[in-house]
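Asks: Sharing a structure with you now.
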Amino acid sequence: MKKLTADDPESRSPDIVAENVAQLKALFPELVTEGPNGVSVNVDVLKQLVGDKTVTDADEKYGLNWHGKRRARQLALTPSTGTLRPGPEESVDWNTTQNLMIEGDNLEVLKLLQKSYAGKVKLIYIDQPYNTGKDFVYPDDYRDNIKNYLELTGQVDGGRKITSNTESSGRFHTNWLNMMYPRLRLARNLLKPDGAIFVSIADQEIQNLRIVMNELFGEENFVATVIWQKVFSPKNSARHFSEDHDYIVVYARSAEAWAPRLLPRTDEMEARYSNPDNDSRGPWTSGDLSARNYYGEGTYPVTCPSGRVIDGPPSGRYWVIAKGKFDELDRDGRIWWGADGNNMPRLKRFLSEVKAGRVPQTLWTYDEVGHTQEAKKELLARVEFPNSDVVFDTPKPTRLIRRILQLGTAPEGDDIVLDFFAGTGTTMDATFAQNAEDGGKRRCILVQLPEPLPGGEAAGLSTIADITKERLRRAGKKIREEIGGRSQETEVRRKELEGKKGKAKQAQGSLLAEAPVDPLLAPDSSLLTSDPSPDLGFRVFKLDSSNIRAWEPDRGNLDQSLLDAVEHLKTDRTEADILYELLLKLGLDLCVPIEKKEVRSEELEGSSHTVHAIGAGALMACLSERIPQADVERLGLAIVEWHTALAPAGDTTCVFRDSAFADDVAKTNLAAILEQHGIAKVRSI
Ligand SMILES: C[S@@+](CC[C@H](N)C(=O)[O-])C[C@H]1O[C@@H](n2cnc3c(N)ncnc32)[C@H](O)[C@@H]1O
C-alpha cells in the first residue's frame with residue numbers, strides 16, 4: 001500500500017497554473033518555453049496567434065537563446081578561485097608519467113588549465129551527460145563555484161544531494177545549455193590551431209549542441225556528424241523505434257588547418273590486390289576504363305596484344321581517357337588486357353600508389369568500433385563492482401575511442417588528448433592501448449567529478465573518480481603484463497636512475513646540497529626519451545580552494561581575523577600544494593620537472609632551507625616558514641649559484657613565503673641580491 005506524504009502530488013490541491021499551461025500547450029505547443037523560473041508562456045506568440053497586431057518583429061534574430069546565456073558566457077570569463085592539489089599516493093609512476101587524472105568540476109579545472117595548456121591540446125573527446133532526464137547536470141554557481149563544488153561532492157559539512165535534471169523542471173534544456181556553454185568556450189582555447197574536438201551526443205540535445213558549437217567554434221569549422229551504431233540487437237520493448245545509434249559531432253579549431261589522419265587499410269582492402277603478371281611494381285587491382293558520361297575524345301578503336309581489334313568502348317559508354325594517354329599507359333604496362341591478352345582493356349592500379357590508408361566515413365558500425373555491451377564488459381573486467389546497483393552504466397568502448405585517437409592524433413610526437421567528462425576513464429585506457437600498439441607517446445588529461453557513488457564505499461569506490469583511478473591502475477597493469485619483458489627492463493632502469501639521483505653528492509665548495517629523492521620529484525627527461533615502453537601511469541590532482549587565504553573576516557572576532565591574515569597561505573596545505581598552484585599561475589605544465597636542493601641554515605641549528613627549481617629554472621621557490629636575517633645572504637647566493645648553473649632560456653620568477661621574513665629589511669635584502677644577479681621577478685605569497 002502506498003503511503004501518502006505531504007510532498008506527494010496526490011496529497012496536494014490541484015496546481016491550477018500547471019493545468020492552464022498544459023491546456024495552452026495542447027492547443028498551441030509553440031507558446032510554451034523555458035523561462036528563468038521554469039516553464040513559461042511566450043505572451044508575444046499568444047498575441048500573434050489571436051490576431052493582435054501590436055506584436056512586432058524588432059527583436060527577432062537568428063540564433064539560439066535561453067535564460068542564463070549571458071551569465072554562462074560570463075562564467076567562462078570569471079577566474080577560478082581554486083587550485084589543483086597533487087595526490088602522489090593515488091598516482092601511478094608519479095616520477096615519470098606525463099598523464100593527468102584530475103578530480104574536480106571541469107569548469108573550474110578548465111579555467112585552471114588555461115595558462116598551462118592554452119593552444120596545446122591536439123584532441124578533445126567529451127561524452128557529457130546527454131540530458132536524458134535521468135542524468136545529473138552540474139549546476140554551476142556563479143557566486144562561488146568552488147564552495148558549490150565542495151558541497152555537491154560532499155566534501156564539506158552540509159553537502160547537498162546530487163539530483164538529476166528532469167524534464168518536469170521546466171528548465172530542461174536551459175540547465176544543460178548553461179552547463180555546456182562555458183565549458184565548450186574554455187575548451188576551445190585549449191585546442192592547438194590544428195586540433196579538433198569530438199563530442200558524443202544523442203537526440204535529446206544534438207540540435208542545441210550543433211547550434212552552440214557553430215556559435216563557439218564557427219560553422220565553417222564543422223567537420224562531420226558521425227553515427228555510431230552502439231547496439232547490436234534491436235530493443236523489442238521500444239515504444240516507437242529501437243534506437244541503434246549515438247552521434248559524435250566533430251569540429252576543428254580550424255577546418256583549414258585540421259584533417260583527419262587516414263585509418264589503417266583493412267585486410268579486405270588489401271585482399272583486392274594481387275600480382276598475376278608478376279609486375280615489378282607489386283600487387284595491383286584493375287579498374288574500368290569506360291564510363292557512361294559523355295566524353296568527346298572517348299570513342300576510338302584499340303588493338304589487343306593478341307591482335308584483336310576492339311572498335312570502341314561498350315555501347316553507351318566512353319573511354320575515360322583520350323587516345324594519346326591510353327597509348328602512353330599501355331607503353332608503361334598499366335593496361336591489363338586479361339591473362340591471354342585478348343580482353344577489354346582495364347587500368348592497373350598499384351597498391352604502392354594508392355593512399356596509405358582509408359579516408360574515414362561517417363558511419364561507424366559496432367563490428368569496427370564496439371558497442372555498449374562491449375564497453376560494459378571491458379569495464380567489469382577492470383573494476384570489481386560491489387553490486388550491480390553501483391555499476392557505472394554509460395562507458396564507451398575503448399575501440400571507439402581508439403578510432404578517434406587514430407583520426408585525431410599521431411603516433412609520432414607527443415600529442416595531448418583531453419577528456420573533461422572522463423567517466424570511467426575509457427579515454428586514458430584507450431590512449432594506453434593505442435600507444436602500446438603503435439609506439440606513440442600521446443599524453444592524456446582526464447577530468448572527472450568525484451560524483452558520490454552510494455553503495456560503493458565498502459569497495460573503496462566512494463565516487464565515480466575512484467572508479468576512474470581504479471580502472472586506470474588495472475589497465476596499466478594489464479598492458480604492462482601483456483608487454484611483459486619490456487616493462488621489466490624499464491623498471492630496472494628506473495630504479496638505477498633513482499638510485500643515482502639519491503647518491504648524488506654535494507658539490508665541493510657549493511652552498512647547495514642535493515635534496516633526498518622525493519615522490520614529488522618530476523620525470524627524469526633522459527628516462528622519458530629513451531624509454532621504449534608506453535607511459536602507463538598518471539598523476540592525480542584534486543580540485544580544492546586556493547592555498548592562498550581569501551580575506552573572509554570573522555565579524556565577531558576581527559582581531560583574530562587580522563592576526564590570521566598575516567599568514568597568507570592556508571596552514572593545512574603542503575609545500576607541494578603551493579608549488580603546483582604556482583605552476584598553474586605561471587602557466588607551466590603540471591608534469592614539468594621539479595628539482596630541489598638544500599641550503600644549510602646559519603641560524604637554525606641543524607636545519608636547512610629547501611629550494612625548488614621548476615621547469616629548468618623558469619620558477620625557483622623557497623617556501624621555508626622562517627628565513628632569519630642571518631640566512632638571507634647565504635640563501636640568496638645559493639639560489640644565484642643554482643640559477644647560473646641552470647641557465648634558463650627565459651625569465652625566472654623567484655618566490656618566497658611572505659610571512660617567512662622577520663621584517664621588510666630581510667625581504668628587501670634578499671630581493672636585492674637576486675636582482676643584482678639577474679633574477680628580477682622576485683615575489684612573495
Ligand atoms: C557519460 S559519462 C562519461 C562516460 C565515459 N565516456 C566513459 O567511457 O566512461 C559523463 C561523466 O561526466 C561526469 N561529469 C558530469 N558533470 C561533470 C563536471 N561538471 N565536471 C566533471 N565531470 C562531470 C559524470 O560524473 C560522468 O561520469
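The values are calculated or read from the model by the stated rules, or taken from the named source; none is laboratory data. In this text the structure is predicted, and so the values were computed from the model without any measurement. Backbone-built Cβ (ideal geometry, glycine too); neighbour counts: all protein chains shown. Accessible surface areas use protein heavy atoms only, side chains included; no ligands, DNA or RNA. Shrake-Rupley method; radii C 1.70, N 1.55, O 1.52, S 1.80 Å.
Asks: Hey, W94 hits all of (1) of a type in the set (A, V, I, L, M, F, W, C); (2) touching a residue at least 60 places away in the same chain (Cβ under 8 Å); (3) within 16 Å of the ligand (Cβ to nearest atom) but one; which does it fall short on?
Replies: Failed condition: (3).
Asks: OK, next. So for region 354-372 (the condition being over 23 Å from K235 (Cα atoms) and under 21 Å from the mean Cα position of the chain (by Cα)), does at least one residue qualify?
Replies: Pass one, region 354-372, residues over 23 Å from K235 (Cα atoms): 354-362.
Pick out the ones that are also under 21 Å from the mean Cα position of the chain (by Cα) and you get none.
There is no residue in region 354-372 that is over 23 Å from K235 (Cα atoms) and under 21 Å from the mean Cα position of the chain (by Cα).
Asks: Mind checking which residues of region 58-73 are under 18 Å from I206 (Cα atoms) and in contact with an Asp or Glu (Cβ under 9 Å, 6 or more places away or on another chain)?
Replies: Selection gives G63, L64, W66.
Asks: Taking only region 28-52 into account, find how many residues are acidic (D, E) and either in contact with a strand residue (DSSP E or B) (Cβ under 7 Å, 6 or more places away or on another chain) or touching a residue at least 60 places away in the same chain (Cβ under 8 Å) (or both). Spell out the reasoning first.
Replies: Within region 28-52, the first condition is being acidic (D, E), and the residues that meet it are 30, 34, 44, 52.
Those left that are additionally either in contact with a strand residue (DSSP E or B) (Cβ under 7 Å, 6 or more places away or on another chain) or touching a residue at least 60 places away in the same chain (Cβ under 8 Å) (or both): 34.
Total satisfying the criteria: 1.
Asks: When region 49-100 is examined, which residues are found to be open to solvent by 30 Å² or more (accessible area, probe 1.4 Å) and aromatic (F, W, Y)?
Replies: Y62
Asks: Let me ask you something else. Could you list all residues from region 162-174 that are more than 12 Å from N208 (Cα to Cα) and open to solvent by 40 Å² or more (accessible area, probe 1.4 Å)?
Replies: I162, T163, S164, T166, E167, S168, S169, R171
Asks: Quick one: in region 420-443, of everything that is away from the ligand (no atom under 13 Å from the Cβ) and not in a loop (DSSP other than H, G, I, E, B), which residue is most open to solvent (accessible area, probe 1.4 Å)?
Replies: Within region 420-443, the subset away from the ligand (no atom under 13 Å from the Cβ) is 432-443.
Of the ones still in play, those that are also not in a loop (DSSP other than H, G, I, E, B) are 432-438, 443.
Details: F432: 2, A433: 25, Q434: 6, N435: 7, A436: 27, E437: 128, D438: 54, R443: 24 Å².
Selected residue: E437.
Asks: Whether any residue in region 119-138 is on the phi > 0 side of the Ramachandran plot and of a type in the set (S, T, N, Q) is what I want to check.
Replies: In the first step, residues of region 119-138 are kept if they are on the phi > 0 side of the Ramachandran plot; the result is 119, 131, 133.
Next, only the ones that are of a type in the set (S, T, N, Q) stay: 131.
Yes, some residue in region 119-138 is on the phi > 0 side of the Ramachandran plot and of a type in the set (S, T, N, Q).
Asks: Mind checking which helices (runs of 4 or more DSSP H) fall wholly inside region 568-685 and carry at least 3 residues that are out of contact with any Ser or Thr (no Cβ under 8 Å at 6 or more places or on another chain) and closer than 30 Å to L100 by Cβ? Before the answer, list the steps.
Replies: Numbers: elements: 575-586, 629-646, 664-676.
Because the criterion is at least 3 residues that are out of contact with any Ser or Thr (no Cβ under 8 Å at 6 or more places or on another chain) and closer than 30 Å to L100 by Cβ, the helices (runs of 4 or more DSSP H) in region 568-685 that meet it are 575-586, 629-646.
Asks: Is one or more of the residues making up region 398-407 away from the ligand (no atom under 16 Å from the Cβ) and open to solvent by 10 Å² or more (accessible area, probe 1.4 Å)? Working first, answer last.
Replies: Start the filter on region 398-407 by keeping residues that are away from the ligand (no atom under 16 Å from the Cβ), which leaves 406-407.
From what's left, open to solvent by 10 Å² or more (accessible area, probe 1.4 Å): 406.
There is at least one residue in region 398-407 that is away from the ligand (no atom under 16 Å from the Cβ) and open to solvent by 10 Å² or more (accessible area, probe 1.4 Å).
Asks: A follow-up question, please. Would you check which residues across region 345-371 are open to solvent by less than 40 Å² (accessible area, probe 1.4 Å) and β-branched (V, I, T) and list them?
Replies: Passing the criteria: T365, V369.
Asks: Can I ask one more? In region 362-380, how many residues are away from the ligand (no atom under 16 Å from the Cβ) and either aromatic (F, W, Y) or outside the structural domain of H245 (by TED's automatic domain parsing) (or both)? Let's see the steps before the verdict.
Replies: Taking region 362-380 and keeping what is away from the ligand (no atom under 16 Å from the Cβ), we get 362-363, 365, 367-368.
So of that shortlist, the ones also either aromatic (F, W, Y) or outside the structural domain of H245 (by TED's automatic domain parsing) (or both) come out as none.
Summing the residues that are away from the ligand (no atom under 16 Å from the Cβ) and either aromatic (F, W, Y) or outside the structural domain of H245 (by TED's automatic domain parsing) (or both) in region 362-380 gives 0.
Asks: I would also like to ask the following. Any residue in region 618-636 that is within 20 Å of T574 (Cβ to Cβ), at pLDDT below 95 and out of contact with any helix residue (DSSP H, G or I) (no Cβ under 8 Å at 6 or more places or on another chain)?
Replies: no
Asks: Can you find a residue that is under 24 Å from A550 (Cα atoms) and within 12 Å of the ligand (Cβ to nearest atom) anywhere in region 76-88?
Replies: Taking region 76-88 as the starting set, the residues that turn out to be under 24 Å from A550 (Cα atoms) are 76-87.
Add one more test, that the residue is within 12 Å of the ligand (Cβ to nearest atom), and what stays is none.
No.
Asks: Further question on the same structure: Out of curiosity, is G38 loosely packed, with under 14 Cβ neighbours inside 10 Å and either more than 16 Å from the ligand (Cβ to nearest atom) or of a type outside the set (D, E, K, R) (or both)?
Replies: Working: loosely packed, with under 14 Cβ neighbours inside 10 Å: no; either more than 16 Å from the ligand (Cβ to nearest atom) or of a type outside the set (D, E, K, R) (or both): yes.
No: the conditions fail for G38.
Asks: Follow-up question, since we're still on this one. Scan region 398-420 and report the pairs whose first residue is of a type in the set (S, T, Y) and whose second residue is assigned to a strand (DSSP E or B), with Cβ atoms within less than 9 Å and a gap of 6+ or a chain change.
Replies: Once the first residue is of a type in the set (S, T, Y) and sits in region 398-420, its partners that are assigned to a strand (DSSP E or B) give T409/K122; T409/L123; T409/I416; T409/V417.
Asks: Return only the number of the condition from (1) of a type in the set (D, E); (2) at pLDDT 95 or above; (3) more than 10 Å from the ligand (Cβ to nearest atom) that E384 does not satisfy.
Replies: (2)
Asks: Okay, next question. With T365, T303, T299 as the choices, which residue is more than 30 Å from E268 (Cα to Cα) and out of contact with any Gly (no Cβ under 7 Å at 6 or more places or on another chain)?
Replies: Numbers: T365 fails: more than 30 Å from E268 (Cα to Cα); T299 fails: out of contact with any Gly (no Cβ under 7 Å at 6 or more places or on another chain).
Testing whether each residue is more than 30 Å from E268 (Cα to Cα) and out of contact with any Gly (no Cβ under 7 Å at 6 or more places or on another chain) leaves just T303.
Asks: Can you name the residue in region 103-141 that is more than 9 Å from the ligand (Cβ to nearest atom) and β-branched (V, I, T) and is also surrounded by the most Cβ atoms within 10 Å (Cβ to Cβ) among such residues?
Replies: The selected residue is I124.
Asks: Restricting attention to region 602-650, and to residues there that are over 17 Å from A671 (Cα atoms) and polar (S, T, N, Q), which single residue is least open to solvent (accessible area, probe 1.4 Å)?
Replies: Checking each candidate, the answer is T610.
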